[in-house]
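Reading through the structure tokens given below for one structure.
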Amino acid sequence: MRYPKIIEFELTTACNYSCKHCYCNAGKKSTNELSFDEVKKVLHDLKDANVEIVDLIGGEPLIRQDIIDIISYAASIGLDVMLNTNASLASKEIVKRIKEVYPQLKVGISFDGHTPEIHDFVRGPGAFEKTYRGFLNFLEEGFDVTVLHVVNKVNYEHFEEMVKFAMEHNVSLYVDRFVPVGRGELYKDLLLPTKKEVEHVRKVIKKYENKLTFYVEENISGGLCTAGREHASVLVDGTVVPCGHFRYDKEYYMGNLKEKPFKQIWESYNPDILISNCKGCPHFSNCFGGCRAFAKKLGLDYDPIFCEVHVDDKEG
């Protein structure tokens with residue numbers, strides 16, 4: 001039975017960084033960014049659809065001047081909310097204000113490495129120190145924090161240190177794989193991980209699985225992708241996609257919240273469209289098609305990280 005477990009809500013494309021891997025090419029504010037009243041309507045839509053967790057993302061959500069009001073409103077209607085942030089703008093004052101309106105807020109903070117050298121390679125000079133200060137501010141106020149980590153060709157070999165970083169700070173670790181979308185397409189050759197590199201990450205997760213809480217995407221762990229099954233993304237203009245990595249692929253758009261309520265969009269969508277190239281394969285029950293966005297962005301019908309037919313693919 002399909003149900004909307006985690007729905008991302010992209011509040012803005014404005015961002016104070018220009019990360020190499022950014023799938024939404026964040027930086028400038030979109031001319032289609034929703035107003036506060038429109039944001040409230042979307043939050044009501046998600047509540048009415050019994051969404052389990054709403055993940056507020058960007059861009060950088062803390063750039064919005066009304067972010068405290070948005071978080072407060074989400075709390076007032078009973079939504080379970082997570083804030084997805086680079087934390088560089090999370091001053092002690094801002095964090096205290098957030099705690100006043102929603103102390104149960106879940107907070108996901110992006111770290112691309114456990115040191116400035118690795119992290120700043122993706123995000124720019126000085127980014128690690130700013131993020132680390134914000135990270136500590138959230139911890140000091142007692143928030144439930146998860147480190148958000150995107151595995152790429154540069155940082156994969158330091159993944160065990162990233163695990164230890166999370167353990168040292170007593171936080172959980174979310175693990176995703178780089179997909180060359182948006183600005184990420186420009187850095188595909190630099191950041192694209194191989195099959196062996198992803199396997200290395202899986203081995204480290206296995207080593208520490210009883211010592212740390214992991215949240216691992218299927219594009220790392222394997223298994224049927226949850227896009228359109230448990231997960232979807234509301235883009236900055238209200239467009240709904242099964243996964244944010246399909247933001248530029250109109251053939252996969254589910255609908256727009258300016259035209260239909262989320263519940264109607266969700267219930268009318270068939271996620272099998274994403275696995276149509278793989279579902280009839282005799283090996284499907286082993287690899288489940290892998291990451292369909294990853295395959296599409298490489299111009300392939302299959303994900304070379306998981307495909308058991310094209311096992312000698314050069315990307316693997």
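Compare the Cα positions of Ala127, Val151, Leu105 along the charge dipole of the range 1-160 (+1 at Cβ of Lys, Arg; -1 at Cβ of Asp, Glu; about the Cα centre) and return the one farthest towards the positive end.
Going by the charge dipole, the pick is Ala127.
In 20 Å bins starting at zero, report the fraction of Cα pairs in the chain per bin as a rounded %.
Binned Cα distances yield the sequence 33, 61, 6.
Suppose R0 equals 51 Å. What FRET efficiency, 1/(1 + (r/R0)^6) with r the Cβ-Cβ distance, do Lys260 and Glu308 give to the nearest 0.05?
For Lys260 and Glu308, the calculated efficiency is 0.85.
Taking Cα centroids, how far is the range 33-50 from the range 121-156 in Å?
28
So, R0 is 25 Å and r is the distance between the beta-carbons of Leu300 and Arg202; what FRET efficiency does that work out to, to 0.05? Mind showing how you got there, number by number?
On the way: r = 21 Å, r/R0 = 0.85.
The pair Leu300/Arg202 has a calculated efficiency of 0.75.
So how do 170-176, 74-80 stack up, highest first, on mean other-Cβ count within 10 Å?
Working: 170-176: 18.9, 74-80: 15.1.
Ranked by mean Cβ neighbours within 10 Å, highest first: 170-176, 74-80.
For Leu192, what residues show an amide H to amide H distance below 5 Å, using hydrogens built from the backbone and excluding near sequence neighbours?
Lys153
Quick one: check the C-alpha center-to-center distance for the range 218-288 versus the range 187-202, whole angstrom.
23
Treat each spin label as a single point 7 Å out from the Cα along the C-beta direction, and report the Lys279 to Ser18 distance in nm.
Inter-label distance under the simple model: 4.2 nm.
At Arg97 and Gln65, where each label point lies 7 Å from the Cα along Cα→Cβ, what is the point-to-point distance in nanometres?
That separation, rounded to one decimal, is 1.1 nm.
What's the FRET efficiency of Ser76 with Asp189 using the Cβ-Cβ distance as r and R₀ = 41 Å, to the nearest 0.05?
Numbers: r = 47 Å, r/R0 = 1.14.
About 0.30, to the nearest 0.05.
Coordinate-derived values only; no laboratory data. Predicted model only: the values in this text are computed from it and were never measured. Cβ: placed from backbone, ideal geometry, glycine included. Neighbour counts: every protein chain shown.
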